[in-house]
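Visitor: Quick one: the structure is below, questions incoming.
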Amino acid sequence: MRAPTLDLTLLRTLVAIADTGSVTAAAKRLAYTQSTVSMQLQRLETQLALTLHEREGRKLRFTPDGERLLNHARRLLILNDEAWSDMQARQVGGELTLGIPEDYASLLPSVFAYFHQLYPGVGLQVRCGTSGDLVERVKRAELDLALVTRQRNSPGGEIIRREPLIWAVGVNQQPSLTDPLPLALYSPGADVFREIAEQALKNAGRDWRVAYTSQSMAGLAPIVTAGLAVVVVTRSMLTPLLRPLDEASGLPSLPMIELALHRAPHRPSEPARRLGELIREQLAAPVDAWAP
């Protein structure tokens, strides 16, 4: 009788949990959602009819059966990855270009790492720019893919994530929130955040002044952390140096924004298709799902 075949995808999830110490960290490493990681672990236990892990409060511990399987899983994955890398390196090459605003690049490190494992022979080029400019470059087939803030005047692309915009100040210092409100804004045309912030303040009857402008959050952050201005960001853009303002601040609420993935008009290559899938899987989870 032929033995059933173990699912390598499930084994990779098991190893990721062991290496990172938690379902949350494994999800980030694999570019999955936490629920996907949990379901894959449950599927593995169901297939083997064994209990592979136990919970100790919020911690996960492998059972003796889980530890035994983990040893097998590591050896199988090493052989699989060696075979895959060898064959892909021989068969797939060339360049793949992804456009992304600088402020979103921090969302994708695990995607880039895993993509390199899948296609070591493909040179992935990441080009930064404003959302509007990147959309136009995709339309002209100058980029294979672009992950952008969805534009009102160019609403195409596949929506893969919605995030609330929030007001933020320095974690230790903040400006006076009375009128005129000092703002750190993206340069005109850099993105939709500026337009949304100004419209929300106008609708609320608030007055403001532009204290500083930049093409990216890297340029705005020093002014905000110094307590000289208020900035508009998404929750995923918050850093330890920034503190979100709540309704008690008296500032108007802000709408959701949409992150969209645009693809060039030509038929996508296999690496381009897979990169798009990895980006979708990574960003499909709600922001709160990535909290420890």
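The values are calculated or read from the model by the stated rules, or taken from the named source; none is laboratory data. If you're wondering where the values come from, they're calculated on a predicted model, not measured in any experiment. Reconstructed Cβ throughout: ideal geometry from the backbone, glycine too, with neighbour counts over all protein chains shown. Keep in mind that these areas ignore ligands, DNA and RNA; they rest on the heavy atoms of the full protein, side chains included. Shrake-Rupley method; radii C 1.70, N 1.55, O 1.52, S 1.80 Å.
Visitor: Looking at (1) exposed (fewer than 15 other Cβ atoms within 10 Å of the Cβ); (2) of a type outside the set (S, T, N, Q); (3) modelled with pLDDT of 85 or more; (4) more than 27 Å from P120 (Cβ to Cβ), can you tell me which one R58 breaks?
Guide: With respect to (1) exposed (fewer than 15 other Cβ atoms within 10 Å of the Cβ); (2) of a type outside the set (S, T, N, Q); (3) modelled with pLDDT of 85 or more; (4) more than 27 Å from P120 (Cβ to Cβ), R58 is out only on (3).
Visitor: Right, another one. Quick check: is even one residue across segment 189-212 within 20 Å of A146 (Cα to Cα), over 21 Å from the mean Cα position of the chain (by Cα) and open to solvent by 20 Å² or more (accessible area, probe 1.4 Å)?
Guide: Keep residues of segment 189-212 that are within 20 Å of A146 (Cα to Cα), which gives 189-193.
Restricting the remaining residues to those that are over 21 Å from the mean Cα position of the chain (by Cα) gives 189.
Add one more test, that the residue is open to solvent by 20 Å² or more (accessible area, probe 1.4 Å), and what stays is 189.
Yes, because at least one residue in segment 189-212 is within 20 Å of A146 (Cα to Cα), over 21 Å from the mean Cα position of the chain (by Cα) and open to solvent by 20 Å² or more (accessible area, probe 1.4 Å).
Visitor: Looking at L98, L79, L60, can you tell me which residue is of a type outside the set (D, E, K, R) and over 28 Å from the mean Cα position of the chain (by Cα)?
Guide: On inspection, the qualifying residue turns out to be L79.
Visitor: Could you list, in sequence order, all residues of segment 69-97 that are part of a helix (DSSP H, G or I), surrounded by 14 or more Cβ atoms within 10 Å (Cβ to Cβ) and modelled with pLDDT of 85 or more? So that I can check it myself, show each step before the final result.
Guide: Initially, segment 69-97 is screened for residues part of a helix (DSSP H, G or I), giving 69-91.
After this cut, where a residue has to be surrounded by 14 or more Cβ atoms within 10 Å (Cβ to Cβ) as well, the list is 69-70, 73-74, 76-77, 81, 84-85, 88.
Those that are part of a helix (DSSP H, G or I), surrounded by 14 or more Cβ atoms within 10 Å (Cβ to Cβ) and modelled with pLDDT of 85 or more: L69, L70, A73, R74, L76, L77.
Visitor: Let me ask another. Looking at (1) touching a residue at least 24 places away in the same chain (Cβ under 8 Å); (2) open to solvent by less than 40 Å² (accessible area, probe 1.4 Å); (3) at negative phi, which is the only condition A284 fails?
Guide: Checking A284 against (1) touching a residue at least 24 places away in the same chain (Cβ under 8 Å); (2) open to solvent by less than 40 Å² (accessible area, probe 1.4 Å); (3) at negative phi, the one that fails is (2).
Visitor: Filter segment 230-251 for residues that are open to solvent by less than 80 Å² (accessible area, probe 1.4 Å) and within 25 Å of V148 (Cβ to Cβ) and give the result. Walk me through how you get there before you give the answer.
Guide: Initially, segment 230-251 is screened for residues open to solvent by less than 80 Å² (accessible area, probe 1.4 Å), giving 230-234, 236-239, 242, 244-245, 249-251.
Selection gives V230, V231, V232, V233, T234, S236, M237, L238, T239, L242, P244.
Visitor: Let me ask something additional. So which pairs qualify, if the first residue must be in segment 162-180 and in contact (Cβ under 8 Å) with a residue 12 or more places away in the chain, the second must be loosely packed, with under 15 Cβ neighbours inside 10 Å and among the β-branched types (V, I, T), the Cβ gap must be under 9 Å, and the two must be at least 6 apart or on different chains?
Guide: Going by the 9 Å Cβ cut-off, the qualifying pairs are V171/T239.
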